[in-house]
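Just below is one structure, and these are the notes that go with it.
The numbers here are math on the coordinates, done by the rules we state, and not lab data. Predicted model only: the values in this text are computed from it and were never measured.
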Amino acid sequence: STPIAPEDDVANRYSRTDRTTYSRYSRDTNSSGNSVPSNALEKRIEELEKELAKERQENVRLMKVTQDKEELIGKLKEEIDLLNR
């Protein structure tokens, strides 16, 4: 089985990069003369960041479930081998 990164690593892996990207996007959009108010963009960015955090948490949960199932499969294979002997 493949080692799974701890929750902190998975949940925080992209946080700094994402914030930088979002900030840059917000500045670029505003400086280009876009008619969308920066408040609306910031609010949308916050919504997307929250959604992204939830998706990352779900990803961590699914990775843990997968790891648990892989471990169970390994144990069952060992038991089958023992029973076959």
Phi to ³J(HN,Hα) by Karplus 6.51 cos²θ - 1.76 cosθ + 1.60 over the range 41-53, Hz, x for Gly, Pro: 5, 5, 5, 5, 4, 4, 4, 5, 5, 5, 4, 4, 4
Any lysines with Cα under 16 Å of the K77 Cα? List them, leaving off those in the same chain fewer than 8 positions away. K69
Among the lysines, which fall within straight-line cross-link reach of K54, defined as a Cα-Cα distance under 16 Å, with same-chain neighbours fewer than 8 residues apart omitted? K64
Per residue of the range 65-75, in order, report the coupling 6.51 cos²θ - 1.76 cosθ + 1.60 (Karplus, θ = phi - 60°) as ³J(HN,Hα) in whole Hz, putting x for Gly and Pro. 4, 4, 4, 4, 5, 4, 5, 4, 4, x, 5
For the range 37-84, radius of gyration divided by Kirkwood radius, i.e. Rg to Rh on alpha-carbons: 1.51
